[in-house]
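The values are calculated or read from the model by the stated rules, or taken from the named source; none is laboratory data. Predicted, not measured: the structure shown is a model, and the values here were computed from it. Here the Cβ positions follow ideal geometry from the backbone for every residue, glycine too, while neighbour counts run over all protein chains shown. Surface accessibility is based on the protein's heavy atoms, side chains included, excluding ligands, DNA and RNA. Shrake-Rupley method; radii C 1.70, N 1.55, O 1.52, S 1.80 Å.
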Amino acid sequence: MKKIAILISGRGSNMAVILDAIKRGEVPAEVALVLSNRADAAGLQTASDAGIPVAVVPSKGKSREDFEASVQEELIHAGAEFVCLAGFMRVLSQGFVEAWSGRMLNIHPSLLPLFRGLHVHEQALEARVAVSGCTVHYVTPELDGGPIVGQAVVPVEPGDTPDTLAERVQKAEHILYPAALARCLGGAGNVLPQPGILIAFREV
Ligand code: GAR
């Protein structure tokens with residue numbers, strides 16, 4: 001059973017589905033820590049309600065070096081062996097990323113390598129793509145550029161706004177992330193066929 005840490009900045013819905021999947025025995029992991037860079041992240045409450053240790057390391061007003069040193073300290077203190085970025089909205093330095101090389105996943109709300117960075121759904125709608133989706137990938141120093149573990153594809157519907165597309169993509173994220181994580185930790189990571197969502201994984 002791997003000890004994992006989940007890093008969040010906001011709602012934490014991906015974190016919540018990972019916690020649920022672990023509870024159902026679908027992901028061979030134990031959550032040692034949920035850490036947020038924002039004290040007001042709603043996901044912190046969800047995690048502590050589930051009995052998970054939580055920590056806040058504020059990023060505001062701190063140098064990146066100091067911030068990352070504090071995060072690293074928390075991760076080591078918690079005994080984390082693997083890290084999941086789940087809506088963690090800070091770009092991590094090369095040094096930090098390399099310290100977790102092969103042991104840190106991220107979920108991004110687009111079909112990478114398309115639409116990296118921020119305002120992803122706006123980018124997708126502007127590009128007039130017919131499908132979008134989400135990607136779980138290993139984190140490397142290249143932003144949103146690490147090896148892809150799995151992707152989920154959803155249609156872009158006529159009249160979509162960034163919000164309606166985001167909602168459809170999030171539903172897909174909630175299926176993809178726990179399964180992708182399970183696979184990275186040696187579990188089966190099976191997903192049932194989902195209407196309107198195509199999910200596929202790669203061997204990494
Ligand atoms: C998710 O849609 C995730 O893909 C995105 O933030 C959202 C967090 O939602 N992450 C990024 O954009 C990272 N570049 P959640 O807090 O409800 O899991």
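Relative contact order for the chain: what percent, with Cα pairs under 8 Å and sequence separation of 6 or more?
20
Using packing as a proxy for protection, rank 59-71, 23-35, 171-183 so that the peptide with the highest average count of other Cβ atoms within 10 Å comes first.
171-183, 23-35, 59-71
On a C-alpha basis, how far is the centre of region 30-75 from the centre of region 115-164 in Å? Whole number, if you could?
Spelled out, the Cα-based centre of one part sits 26 Å from the other.
With a 1.4 Å probe and every protein chain left in place, work out the accessible area per residue of the chain in Å², rounded to a whole number.
Value for the chain: 50 Å² per residue.
For the chain, give the magnitude of the charge dipole about the Cα centre (Cβ charges: +1 Lys/Arg, -1 Asp/Glu; no others), in debye to the nearest 20. Display every interim value, and only then the final one.
Values: 17 positive and 22 negative charges, 48 e Å.
Roughly 240 debye for the chain.
Can you give me the solvent accessible area of Thr46 with a 1.4 Å probe, rounded to the nearest 10 Å²?
60
How much net charge surrounds Ala42 when only the other residues with a Cβ under 12 Å from the Cβ of Ala42 are counted, with Lys and Arg +1 and Asp and Glu -1?
Summing Lys/Arg as +1 and Asp/Glu as -1 gives 0.
Can you give the net charge of the other residues whose Cβ lies under 12 Å from the Cβ of Ile4, counting K and R as +1 and D and E as -1?
On the way: positive: Lys2, Lys3, Arg103; negative: Glu30, Glu81.
Surrounding charge for Ile4 is +1.
Taking the Cα of Ala188, stepping 7 Å toward and past its beta carbon, and measuring to each backbone N in region 1-26: which are under 16 Å?
So the set is 21-26.
Taking amide H atoms as placed 1.01 Å from N in the peptide plane, list the residues 5 or more away in sequence, or in a different chain, whose amide H sits under 5 Å from that of Gly150.
Amide H to amide H, under 5 Å and 5 or more residues apart or across chains, Gly150 pairs with Val136, Arg202.
Per DSSP H run of at least 4 residues, take -39500 (n - 2.57); add these up for the chain, divide by its residues and hand me the 222 nm value, nearest 500 deg cm²/dmol.
Only helices count here, giving -10500 deg cm²/dmol.
Multiply the residue gap between Glu167 and Arg128 by 0.36 nm, knock off their C-alpha separation, and tell me the result in nm, one decimal place.
Value of the extension gain: 12.3 nm.
For region 107-203, just say rounded, prolate or oblate: build the C-alpha gyration tensor, square-root its eigenvalues into a ≥ b ≥ c, call rounded for a/c under 1.5, and beyond that prolate if a/b exceeds b/c, oblate if not.
Oblate is the answer for region 107-203, as a/c is 1.5 or above yet b/c matches or exceeds a/b.
Treating only the Cβ atoms of Lys and Arg (+1) and Asp and Glu (-1) as charged, compute the dipole magnitude of region 71-161 about its Cα centre; round to the nearest 20 debye.
120
Across all directions of projection, what mean area in square nanometres is found for the Cα convex hull of the chain?
Mean orientational projected area (the chain, Cα hull): 10.9 nm².
Extension gain His77-Asp20, at 0.36 nm per residue separation less the Cα-Cα distance, in nm?
18.1 nm
Can you say what percent of the DSSP beta bridges in the chain, counting only those with both residues inside, are antiparallel? Round to 5. Walk me through the numbers before you get to the answer.
Values: 16 of 33 bridges.
That works out to approximately 50 percent antiparallel.
Once all Cα-Cα distances of region 1-100 are split into 5 Å bins that start at 0, what whole-number percent is in each one?
In order of increasing distance, the bins hold 3, 14, 26, 27, 18, 9, 3, 1 percent.
Per residue of region 11-25, in order, report the coupling 6.51 cos²θ - 1.76 cosθ + 1.60 (Karplus, θ = phi - 60°) as ³J(HN,Hα) in whole Hz, putting x for Gly and Pro.
Couplings: 4, x, 5, 5, 4, 4, 6, 5, 4, 5, 5, 5, 4, 7, x Hz.
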